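Input: a single structure, listed below in structure tokens.
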Amino acid sequence: MAYVDIGWPVGLVVLGVNCLLHGTGWYVRKYVLSICLLFHGGRMALGALVMFYPYTFKNGDLSRYQYAKMRWVNVHKLSEKAWFLKQQHDTLSQCFANCFVLAAPFFVAISDPTPSFHPVEIFGIGLWIVSYIFENTADIQKNLFVQDCIAKGKRASTPEEKAELKKACLGVAPFNTSRYYLWTISRHPNYLGILLFFIPF
């Protein structure tokens, strides 16, 4: 499932390139929307390609997908052998979202010949800027949390301190200071930033 985290932002980049190459509408709208896709998808794709290298996982997958599998088996009481089908379902759902749900409004917009922005489009572009800053800030704070946990782990001298550190949760004391502000007001501010990106379109 971790490869989906590479695939869908790369899909945004591909969509941005397609908008750039095949848009027949007003050139300013075409360039603005293409840049939104290229920036948003490009940052996540580059981050995933660097972070996941060499693309092997000691425990078989990212922790969130391991947790999803655990819920599938232990909470929903479904067969572990059927987990493969759930993985395909989730992968194809994200593929459908990229290839149709997100792509369709972009292709409608880049075909619009109107040589000016509608107020709703201006609002949407503004919301994209806010969401981009919001998501990036959330990811920076998450990276600070990881670095702080590693540093605290090196300083931990007793088994109790190390055990306590394993329970560390971003946004929960002692990791609920202004340094991690967005994570104290939302459980997943980075995903919230992505959601805000989709709303205008």
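Here, each number is a calculation from the coordinates, and none is a lab measurement. In this text the structure is predicted, and so the values were computed from the model without any measurement. Ideal geometry is used to build each Cβ from the backbone, glycine not excepted, and the neighbour counts take in all protein chains shown.
How much length is gained if the chain between LEU165 and ILE185 is pulled fully straight, taking 0.36 nm per residue apart and subtracting their Cα-Cα distance, in nm to one decimal?
Details: separation 20, 0.36 × 20 = 7.20 nm, distance 2.17 nm.
Extra length from LEU165 to ILE185 when fully extended: 5.0 nm.
Between beta-carbons, use under 13 Å as the cut-off and find the net charge around ALA156, counting Lys and Arg +1, Asp and Glu -1. Intermediate results must be reported in sequence, preceding the final value.
Numbers: positive: LYS152, LYS154, ARG155, LYS162, LYS166, LYS167; negative: ASP148, GLU160, GLU161, GLU164.
Net of charged neighbours comes to +2.
Over the Cα atoms of the stretch 1-115, what radius of gyration and what Dmax do you get, in Å?
17.7, 56
Counting each pair of different Cα atoms once, what's the Kirkwood radius of the stretch 54-201 in Å, rounded to one decimal? Don't jump to the answer; show the numbers that get you there.
Details: mean 1/r = 0.0524 Å⁻¹.
19.1 Å is the Kirkwood radius here.
With each run of n ≥ 4 DSSP H residues scored as -39500 (n - 2.57), what mean residue ellipticity at 222 nm is computed for the chain after dividing by its residue count and rounding to the nearest 500 deg cm²/dmol? Walk me through the numbers on the way to the answer.
Details: 9 runs with 133 residues, N = 201.
Rounded to the nearest 500, the figure is -21500 deg cm²/dmol.
Under 15 Å from the Cβ of TRP83, count the other residues' Cβ atoms, weight Lys and Arg +1, Asp and Glu -1, and hand me the total.
Details: positive: ARG64, LYS69, ARG71, LYS77, LYS81, LYS86; negative: ASP61, GLU80, ASP90.
Residues close to TRP83 contribute a combined charge of +3.
Along Cα→Cβ, 7 Å out, is where each label goes; now give me the distance between the ones at TRP83 and THR114 in nm to one decimal.
In this crude label model, TRP83 to THR114 measures out at 4.9 nm.
Which aspartates and glutamates, if any, have their Cα less than 15 Å from the Cα of LYS69, not counting same-chain residues under 8 positions apart?
Here the aspartates and glutamates satisfying the reach criterion relative to LYS69 are ASP61, GLU80, ASP90.
Would you mind computing Rg(Cα) / (2.2 N^0.38 Å) for the stretch 117-201, counting N as its residues? The partial results should precede the final answer.
Numbers: Rg = 17.1 Å, N = 85, 2.2 N^0.38 = 11.9 Å.
Relative to the rule-of-thumb radius for its length, the stretch 117-201 sits at 1.44.
Need one number: nm distance between label points at THR158 and ASN143, each 7 Å from Cα along Cα→Cβ, rounded to one decimal.
3.5
How long are the semi-axes of the ellipsoid equivalent to the stretch 40-93, from square roots of 5 times the Cα gyration tensor eigenvalues, in whole Å, largest first? It would help to have the intermediate numbers written out before the result.
Numbers: eigenvalues 133, 36, 18 Å².
Semi-axes (√(5λ), whole Å): 26, 13, 9.
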